[in-house]
1. For the stretch 292-329, give me the residue count where each residue is open to solvent by 10 Å² or more (accessible area, probe 1.4 Å) and either among the basic types (Lys, Arg) or assigned to a helix (DSSP H, G or I) (or both).
2. Looking at the stretch 17-32 only, could you name the residues that are in contact (Cβ under 8 Å) with a residue 40 or more places away in the chain, touching a Pro at 6+ places or on another chain (Cβ under 9 Å) and under 25 Å from Met73 (Cβ atoms)?
3. Just one of Gly268, Gly226 is out of contact with any helix residue (DSSP H, G or I) (no Cβ under 9 Å at 6 or more places or on another chain) and assigned to a loop (DSSP other than H, G, I, E, B); which is it?
4. Return the pair list, or none, for Cβ contacts closer than 7 Å from residues in the stretch 102-114 that are in contact (Cβ under 8 Å) with a residue 24 or more places away in the chain to residues that are part of a helix (DSSP H, G or I), at least 6 apart or on different chains.
5. Would you confirm, using the coordinates I've provided, whether Glu192 is closer than 24 Å to Phe144 by Cβ, modelled with pLDDT of 95 or more, among the acidic types (Asp, Glu) and not in a loop (DSSP other than H, G, I, E, B)?
6. Quick one: how many residues across the stretch 20-58 are assigned to a loop (DSSP other than H, G, I, E, B), at pLDDT 95 or above and of a type outside the set (S, T, N, Q)?
Amino acid sequence: MSLTFHWFLPTNGDSRHVVGGGHGTPATASGRDRPPTVAYLSQIARAAEDLGFVGALTPTGAWCEDAWLTTAMVSQHTERLKFLVAFRPGFVSPTLAAQMASTFQRQTGGRLLLNMVTGGESHEQRAYGDFLDKDARYRRTGEFLEVVRGLWEGRTVDLDGEHLRVEDARLARVPEPVPEVYFGGSSPVAGEVAARYVDVYLTWGEPPAQVAEKIAWIRGLAAEQGRTLRFGIRLHVITRDTSEQAWAEAGRLLDGFDPETVRSVQSGLARSESEGQQRMLALHGGRRDALEIHPNLWAGIGLVRGGAGTALVGSHDEVAERIKEYAALGIEEFVLSGYPHLEEAYWFGEGVLPRLAADGVWRHPAGKGAAPSAQVPFAS
């Protein structure tokens, strides 16, 4: 088995400092350091492609650029890299979304992956005209995927559901290949949707024991549906030649957190309806001390950023060992990021991936040899 690694396109802006925001909170000022232009995002995407990342996640929400439009443009500057497009299923009709995905597949040579984001913040959803509560949004997501999957299979779909209704829906051309669906959620209704419809269940970077509980939960629900899912994890990374250098970098990032920004972001995130977000907040409790919550797992990012708030921090060997620890639980896909995203892609790609290749748990998707050392080019 070869583990799969994805990188991240910072369509909310990039910096040598953490760009905060997300989950209903605005991007912090550091997001203006490197604006998310097509040129810069393409530079990151080409680096990720060359280093051996299979895909790149793009976020969704009012705090960032639109994922569909941005990835469509960046795809024209890459050859193999897939795009894990975060997509909110309540904002467009399922038939149109299925058609958009089909077009994307044809125009990029089959390089679309879909990350279904139901939306954990009602106030943000209402800004887009969506007034359902969270549980209802998840039920609508299930109906949405029922329609989309039927259309992708080439069937004519009729659905008169609780939230969605389509009649005689059909695609003129089905996607080839059918995009894989990624999805995360910690509530009971989210687990039901995952078990029935998705290909890859994603969790944020919690300590291994908590991740193991989630995997067992979703695996059991999927088995009841006669299905088998793959599992992925979303993490930041700070990896260097030595552990001391990596933790010094984590300390530098932490020193850059303005106390008022931390207070404001934490206050906003405390109102989140997302169970996953509340689990992230519980890992650090808003405090700056005791942020290493498991060996080499640092919760500092979550002080200023919603969503994924933990990072693997350590030497290349230590980070590789933590990845293998998660893999032993059943995690096959790793969706990673780091600040700034161009340089950190090289630190990980040239420092950690060769070690995983030597251990026989990773191989370059294009058959290339892994880069020998972490020599980091800086962005111009």
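The values are calculated or read from the model by the stated rules, or taken from the named source; none is laboratory data. Just so it is clear, the structure is predicted and the values come from calculations on it, not from any experiment. Cβ: placed from backbone, ideal geometry, glycine included. Neighbour counts: every protein chain shown. Just so you know, the surface numbers come from the protein's heavy atoms only, side chains and all, with ligands and any DNA or RNA stripped out. Shrake-Rupley method; radii C 1.70, N 1.55, O 1.52, S 1.80 Å.
1. 10
2. Listed by number, the residues that qualify are Val19, Gly22.
3. Details: Gly268 fails: assigned to a loop (DSSP other than H, G, I, E, B).
Among Gly268, Gly226, only Gly226 is out of contact with any helix residue (DSSP H, G or I) (no Cβ under 9 Å at 6 or more places or on another chain) and assigned to a loop (DSSP other than H, G, I, E, B).
4. These pairs meet every condition: Phe104/Ala72; Thr108/Ser75; Arg111/Ser75; Leu112/Ala101; Leu112/Phe104; Leu112/Gln105; Leu114/Ala101.
5. Details: closer than 24 Å to Phe144 by Cβ: yes; modelled with pLDDT of 95 or more: yes; among the acidic types (Asp, Glu): yes; not in a loop (DSSP other than H, G, I, E, B): yes.
When the stated conditions are applied, Glu192 passes them.
6. Kept after step one, since they are assigned to a loop (DSSP other than H, G, I, E, B), are these residues of the stretch 20-58: 20, 23-24, 26-28, 33, 35-37, 52-54.
Next, from what is left, pick out any that are at pLDDT 95 or above: 33, 35-37, 52-54.
Now narrow it down to the ones that are of a type outside the set (S, T, N, Q): 33, 35-36, 52-54.
Count: 6.
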